[in-house]
Amino acid sequence: MATVKDVAAAAGVSQATVSYALRGDSRIIPSTAKKVFEAADRLHYSTNLSARSLRSGKNGIIGVAIYELDMPYPSQISAAISQEVSRRGLQTIVQQTSSSVQNEISVLANVTSQLCDGTIFSPSKVTNQGIKALAGGKPVVLLDNSELSSHPLFDTVLSPCEDGAETAINHLIDIGCRHIGIIGTRYDIASDASAASQVAYRRLSGCMAAFRKAGISLDPHDVIETSWRPEEVRSVIGNMTAEGRRYDGLFCMTDSIALGTIRGLADYGLRSPIDTAVIGFDGIHEGELAVPSISTIAVDFEDLAAKAVNLLMKRILHPEDEYSPVVETARYSLVARESTAIRE
């Protein structure tokens, strides 16, 4: 079994540098940390959690609490975080909350506060004050904080909702779409102050910004509310199509919605992109394998995971430091595939 000494020798650094790098200490420059991670991977190095716990009072376990592990996007986020944590010689406990207040409370009270050094949490029902009370003083980093304000209580990593959605609409406009629908939310969420931090609100805001800049009006009826599960979206799109509502372009709030949308269109003989161009959001693996392959705003999962783990490790390793919570946004890219291929 490889030791810290072996990793240090392979990376050409000191044993102390290896320990600091694997714990995510910000004092280790990225190029050095990269050498340490690569050496640890080559040697299949893993830390002795029991020994670490005895020495430091920490057990080297990071909690991940997320809403639905049976959906591709949260599943890929969890995998990316687990991989990032593993690169640092630590372990993860991943819990599904199912967007249930009871489950969120249980995870925070019984897992985070007792078993983990800190938790990366995607909140849905529990308030930020509730999270603070339940976490038992352990550090927490939030993903897409549903209660974001100008004075956040926790470090937060956001998905690139506004800019990404604006880029998606601009892509549809650039390929010639003018009658564009939005699938996955309701129009009046744009005026709902209580929803201002929610993902759907932020993505709709990005869409509306793109329409304003392009001089295109958005009819409230062109924002079509559905769940975010593809099988239910398929039914909604089928009903919409049966009613004669047609669009030359559709922006879907998620790639899972885009999958259901393309299937619902196909049920009525409509093809994408020939009849309707479709673009999603998230960048899940399934989108590349669909027929047609789905254009998307691809969130950089590795960047999101690295940002979240870095913020959490800083809190875990330097609990004595006093600094205000920070908010960071994950990178993204437009991936144009077959579902928005330029039509003749």
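Taking Cβ atoms as reference points and 14 Å as the exclusive limit, the residues near ASN145 contribute a net charge of -1, counting Lys and Arg as +1 and Asp and Glu as -1. Between VAL223 and ILE182, the built amide H atoms are under 5 Å apart, and every one of these is 5 or more places off in sequence or on another chain. Taking every alpha-carbon pair under 8 Å whose residues sit at least 6 apart, segment 177-253 reaches a relative contact order of 56 percent. Where the alpha-carbon atoms of the chain are placed on the principal axes, they occupy 68, 41, 33 Å, in descending order. With θ taken as phi - 60° and the Karplus curve 6.51 cos²θ - 1.76 cosθ + 1.60 applied, the whole-hertz 3J(HN,Hα) list for segment 229-240 is 9, x, 5, 7, 4, 3, 5, 5, 5, x, 5, 4 Hz, x standing for glycine and proline. Per-residue ellipticity at 222 nm computed for the chain from its helices equals -12500 deg cm²/dmol, with DSSP H segments shorter than 4 residues left out and the rest contributing -39,500 (n - 2.57). Distances between placed amide hydrogens fall under 5 Å for VAL94 paired with VAL64, all partners being 5 or more residues away or on another chain. Charged side chains reduced to their Cβ positions (Lys and Arg at +1, Asp and Glu at -1) give segment 169-307 a dipole of some 320 debye around its Cα centre.
If I histogram all Cα-Cα distances within segment 177-228 using bins 5 Å wide from 0, what percent of pairs lands in each bin? Cα pair-distance distribution for segment 177-228, in percent: 5, 20, 33, 25, 13, 3, 0. Between the listed residues PHE154, ILE175, PRO139, the Cα displaced farthest toward the positive end of the dipole of segment 128-239, a dipole computed from Cβ unit charges relative to the Cα centre, is found at PRO139. In this structure, ASP6 and TYR323 have a Cβ-Cβ separation that, at R0 = 30 Å, corresponds to a calculated FRET efficiency of about 0.25.
Under the classification rounded if a/c is under 1.5, otherwise prolate if a/b is larger than b/c and oblate if not, where does segment 61-140 fall, given a ≥ b ≥ c as square roots of the Cα gyration tensor eigenvalues? It is oblate, given that a/c is not under 1.5 and a/b is not larger than b/c.
The mean accessible area for residues of the chain, using a 1.4 Å probe and ignoring ligands and nucleic acids, is 45 Å² per residue.
For ILE183, neighbours were defined as the other residues whose beta-carbon sits under 12 Å from its Cβ, and their charges (Lys and Arg +1, Asp and Glu -1) total 0.
Peptides 236-247, 253-264, 297-308 ranked from most to least packed, by the mean per-residue count of other Cβ atoms within 10 Å: 253-264, 297-308, 236-247. Taken about its Cα centre, the chain carries a charge dipole of about 1040 debye when Lys and Arg each add +1 at the Cβ and Asp and Glu each add -1 at the Cβ.
The values are calculated or read from the model by the stated rules, or taken from the named source; none is laboratory data. Fair warning: this is a prediction, and the values are worked out from it, not measured in the lab. Positions of Cβ are generated from backbone atoms using ideal geometry, with glycine treated the same way; all protein chains shown enter the neighbour counts. The accessibility values were calculated without ligands, DNA or RNA, using every heavy atom of the protein model including side chains. Shrake-Rupley method; radii C 1.70, N 1.55, O 1.52, S 1.80 Å.
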